[in-house]
1. When you scan segment 164-198, how many residues do you find that are in contact with a strand residue (DSSP E or B) (Cβ under 6 Å, 6 or more places away or on another chain), within 11 Å of the ligand (Cβ to nearest atom) and without any contact (Cβ under 8 Å) to a residue 40 or more places away in the chain?
2. How many residues are within 29 Å of Gly122 (Cβ to Cβ) and crowded, with 21+ Cβ neighbours inside 10 Å when one looks only at segment 49-71?
3. Residues in segment 95-105: is at least one surrounded by fewer than 23 Cβ atoms within 10 Å (Cβ to Cβ), polar (S, T, N, Q) and either under 21 Å from Leu197 (Cβ atoms) or in contact with a strand residue (DSSP E or B) (Cβ under 8 Å, 6 or more places away or on another chain) (or both)?
4. For Arg76, indicate whether it is modelled with pLDDT of 95 or more, more than 24 Å from Gly217 (Cα to Cα), within 15 Å of the ligand (Cβ to nearest atom) and surrounded by 14 or more Cβ atoms within 10 Å (Cβ to Cβ).
5. In segment 1-111, which helices (runs of 4 or more DSSP H) lie fully inside it and hold 1 or more residues that are under 30 Å from Ala179 (Cβ atoms), touching a Lys or Arg at 6+ places or on another chain (Cβ under 9 Å) and aromatic (Phe, Trp, Tyr)?
6. Pick from Val138, Val150, Val161: which is within 13 Å of the ligand (Cβ to nearest atom) and either in contact with a Cys (Cβ under 8 Å, 6 or more places away or on another chain) or not charged (D, E, K, R) (or both)?
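The values are calculated or read from the model by the stated rules, or taken from the named source; none is laboratory data. Here the structure is a predicted model, which means the values were calculated and not measured. No Cβ is skipped: glycine too gets one built from the backbone with ideal geometry, and neighbour counts run over all protein chains shown.
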Amino acid sequence: MAGAGVAEAQHVTIDRVWPDPADDLDDEALVEALREAGEVLRVNFVSSVDGAATRDGLSGGLGDAADRRYFELLRRVADVVVVGAGTVRAEGYGPLRVSDASAAWREAHGLPPHPVFAIVSGRLDLDPASRIFTEAPVRPIVVTTPGRDVAAFADAADVIVCGAGDRVDADAAVGALRARGLARILSEGGPTMFGALLAADLVDELCVTVSPALEAGDARRIAAGELPEPRALELAHVLRSGSTLLLRYRRLTAG
Ligand SMILES: NC(=O)c1ccc[n+]([C@@H]2O[C@H](COP(=O)([O-])OP(=O)(O)OC[C@H]3O[C@@H](n4cnc5c(N)ncnc54)[C@H](OP(=O)(O)O)[C@@H]3O)[C@@H](O)[C@H]2O)c1
């Protein structure tokens, strides 16, 4: 994950199954559908058919070339990519940098070449000297709770402080991102953060790659935590690459 294998991924075929079946969609067709949403909070995950969000503790083993191609296109259209600190630590995220093709597309569409990288850590358990910050093409944002040593991040990142105890207030955090003009928000997880966004009813879209594998075991699911009641979704599209499905769901609209 995290941008790996993008060059290889550009050559994999992705077809649209529903609506309007079409073979071998180019990047422009895939991106156009993602741009329709305008202001959006979109979440992206990969899952095995039996609901595992990880293999050997990481998502990368579940994703194939189609997942990596789509992962990059989701970043291409985002103003900000938000990731929980658990995923940053587990997946070993480096600085967030899109491919040259994505950067060129963004500049041609009046966007900065790279989206902003926002990392959510209630405990501020992040290293301001890590490559995420020192090699960032755009100054990242750290979202944390009151009372943390934010001075240590003065040179590394902008800091948004909200919430209480160890819990960031998801509503306030998203509001603060939007107040900076970051309208298209992409969350790359993980399950704890997705759960917090769901509980605050902030999720407009869910992209989930269904990896054609059965994992069994006790791997995480894509969402953690509690919801007052199940959240119904509406299907936006079904893409297919070989035996891999790339599903996009959105918030169920009334009527
Ligand atoms: N299948 C996929 O597509 C996919 C995608 C992403 C991740 N994953 C997997 O998920 C696993 C990580 O799961 P995770 O649940 O730990 O991921 P996570 O949500 O990225 O990380 C949880 C951590 O993020 C911070 N955080 C998230 N929401 C917060 C909130 N509302 N308030 C305050 N802090 C918040 C906290 O950091 P602090 O502890 O620093 O306070 C928390 O401990 C890894 O194995 C990763 O590979 C899979």
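1. So the count comes out to 0.
2. 8
3. The answer is no, given that none of the residues of segment 95-105 is surrounded by fewer than 23 Cβ atoms within 10 Å (Cβ to Cβ), polar (S, T, N, Q) and either under 21 Å from Leu197 (Cβ atoms) or in contact with a strand residue (DSSP E or B) (Cβ under 8 Å, 6 or more places away or on another chain) (or both).
4. Numbers: modelled with pLDDT of 95 or more: yes; more than 24 Å from Gly217 (Cα to Cα): yes; within 15 Å of the ligand (Cβ to nearest atom): no; surrounded by 14 or more Cβ atoms within 10 Å (Cβ to Cβ): yes.
When the stated conditions are applied, Arg76 does not pass them.
5. Details: elements: 6-9, 27-35, 65-76, 85-91, 100-108.
In segment 1-111, 100-108 are the helices (runs of 4 or more DSSP H) which contain 1 or more residues that are under 30 Å from Ala179 (Cβ atoms), touching a Lys or Arg at 6+ places or on another chain (Cβ under 9 Å) and aromatic (Phe, Trp, Tyr).
6. Details: Val138 fails: within 13 Å of the ligand (Cβ to nearest atom); Val150 fails: within 13 Å of the ligand (Cβ to nearest atom).
Step by step, each of Val138, Val150, Val161 is checked, and only Val161 is within 13 Å of the ligand (Cβ to nearest atom) and either in contact with a Cys (Cβ under 8 Å, 6 or more places away or on another chain) or not charged (D, E, K, R) (or both).
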